[in-house]
Structures are given as C-alpha cells and as structure tokens.
Amino acid sequence: MSGQPKAVVLLSGGMDSCVTTAMAHRSHNLAVLHASYGQRTERRERQAFDEIADFYSVRERLVVRLDHFTQIGGSALTDARIAVPEGPAGIPAGSNEIPPTYVPFRNAHFLAVAVSWAEVIGASAIYIGAVAEDSSGYPDCRPEYYRVFQQLVREGTRPETRIEIVTPVIGMRKREIIQRGLDLGAPLERTWSCYQFEDEACGSCDSCRLRLNAFAEAGVTDPIAYRARVER
C-alpha cells in the first residue's frame, strides 16, 4: 500500500466518518484527523476515533482542540444552557428549520485544519463523511458547500498543490451507509453517535434516532448500548 496516494480523513468517531474511512482505505494511505471542540461527548468520540484508527492501523494521526466553539456558543452540543432536543429524527425534506444541535459553520473549521495538514504531509485528498440526505438539515453538509470549499482550496494553497475534497456518502441514505459499512467490514461497533451521553447512547436525541431507524431499515441490530431504543 506504500505506493498509494495519501488522504486525510476527518474521523469524528461517528458512523458516517467510520464508513468514509473504510471507503478511503481501499484506495489511499490514511492520515486521520480528529477535532475536539467542547462537545458534550468529546471524550467518548475521541475514544471511538482511537479505536477506529487502531482498527485500520493508521499511524499518522492529528488530534486538535477547537475550544473557541464553547466560547462562541449557539449550539446545544457546545452550550450546556441549550437543551439537546429529543423527538422525531431528522428534518423533513425542503424544510428551512435548522436544529439547535447545529454548530455554526463548524465544518469549515475542520476542513481548514485538514487542508493545512494535507498540504504539509503531501496528501492529495481530504475525505469527510458529510451526509445531505436523511440528516438533520445542517447547512454545512450540503453538496454546494463542498463545491465552493473546493474552489477555496484551489485559490488558497500553493500553485503546485492538488487536494481534492471527497464526500463519498453525501448523497446516501443512512441505511445505505450502514449497508456499505457492513460490506466493507467497517467497525460500526466502535462508533459513537449520541449527542448527550458517553456511557450508553440515549436513544432519544436526533442523532440516536436517525441511527436506530437506519439500522432498522437495514435489517440489522445496532451493536452499541442504548439506555432506550426509541425509533422514529
């Protein structure tokens, strides 16, 4: 695999980023990047990152802290004064409603770090597990967002730098992501999606409900522990 090109993978520790890592692993040597930003479950997500990176024997790892998100606030994930909503999973198609779990412009911060690192280590691609379909309606998970960011990378790096932003699951439904992960042997049992707790997943936040519904649609049992399994 030493002759393969290198890719930086943004690996949060969630299901989507895990499957994205599995997809990138087929064609690239991996360097994995994790960002802690004061989110409620940052320790559990970091554990998932380490376990997934170990599963793929990735040596090149970068872990960064973006503590300014807790100072900025404005999100239920980073501000303890804002409750994580519990209820029906997902935002209806075409809805303009943005849930309180949206972290304002977060993915641009992640991508900026990834581009800087990729340019230094000679990576030719950055993989990110953004999902537009069957998601929570976050504006920084839309295909248009990444097309524009790709142009920014071209304009803001060395003339000889060629870095492609790759979003392999952006148009997939959650159940399709699970099926692809199973096909690739991705370690879904090591992932973490819950917005609220770090011991057992709550089963009632938007992220848990999307995940549980997707596993049900895929016809398989979610391998992680839940306090309650509440599907849509």
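The values are calculated or read from the model by the stated rules, or taken from the named source; none is laboratory data. Please read these numbers as outputs of a predicted model, since none were measured by experiment. So basically every Cβ, Gly included, is an ideal-geometry build from the backbone, and we count neighbours across all protein chains shown. The accessibility values were calculated without ligands, DNA or RNA, using every heavy atom of the protein model including side chains. Shrake-Rupley method; radii C 1.70, N 1.55, O 1.52, S 1.80 Å.
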Review point. Got a sec? Which residues in the range 171-190 would a label at Thr221 touch, if it sits 7 Å along Cα→Cβ and we count backbone N under 17 Å?
Key: 188-190
**Study point:** For Ala76, distant residues with modelled amide H under 5 Å away
**Key:** Thr101, Tyr102
Study note, to complete from the structure: Expected vector for the range 192-204, Karplus 3J(HN,Hα) from phi with 6.51, -1.76, 1.60 and θ = phi - 60°, integer Hz, x for Gly and Pro, equals 9, 10, 5, 7, 10, 10, 10, 8, 10, 5, 5, x, 10
Point to revise | Candidates per GluC sites (Glu not before Pro) in the range 20-114, loop by DSSP, up to 13 other Cβ within 10 Å | key: Glu97
Review point. Using a basic spin-label model with each label point 7 Å from the Cα along Cα→Cβ, how many nm lie between Ser124 and Thr161?
Key: 1.7
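Per residue, how much accessible surface does the range 184-225 expose to a 1.4 Å probe? Answer in Å², no decimals. Numbers along the way, then the final one.
On the way: 1390 Å² over 42 residues.
Counting only protein heavy atoms, the per-residue value for the range 184-225 is 33 Å².
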Check your understanding: How much solvent-accessible surface does Ser124 expose, in Å² to the nearest 10, with a 1.4 Å probe and all protein chains in place?
Key -> 50
Revision key, fill the gap. Across the alpha-carbon set of the chain, Rg over Rh with Rh taken as the Kirkwood radius works out to 0.94
Revision key, fill the gap. Phi-derived 3J(HN,Hα) across the range 70-75 with the Karplus relation (6.51, -1.76, 1.60, θ = phi - 60°), rounded Hz, x for Gly and Pro, is 6, 6, 5, x, x, 9
Exercise for review: Run the dipole for the chain about the Cα centre, Lys and Arg Cβ at +1, Asp and Glu Cβ at -1, nothing else charged, and hand back the magnitude in debye, nearest 20.
Suggested key: 240
Check your understanding: So how much slack lies between Arg26 and Leu152, counting 0.36 nm per residue of separation and subtracting their Cα-Cα distance, in nm?
Key -> 42.7 nm
Check your understanding: Hey, any idea what % of the chain's accessible area is carbon plus sulfur with a 1.4 Å probe?
Key -> 49
**Study point:** Val84 - accessible surface, heavy atoms, 1.4 Å probe, Å² rounded to 10
**Key:** 10
Check your understanding: Could you work out Rg/(2.2 N^0.38 Å) for the range 9-137, with Rg from alpha carbons only?
Key -> 1.10
Exercise for review: With the Cα gyration tensor of the range 112-211 in hand, convert its eigenvalues to equivalent ellipsoid semi-axes via √(5λ) and list them largest first in whole Å.
Suggested key: 29, 15, 14
Revision key, fill the gap. Which residues qualify? For Lys6, with a placed amide H closer than 5 Å and at least 5 residues away or on another chain, they are Asn29, Ser124
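Could you order Val148, Val63, Val19 so the one with the most accessible surface comes first? Probe is 1.4 Å. Intermediate results must be reported in sequence, preceding the final value.
Details: Val148 105, Val63 60, Val19 0 Å².
Per-residue accessible area, sorted high to low, gives Val148, Val63, Val19.
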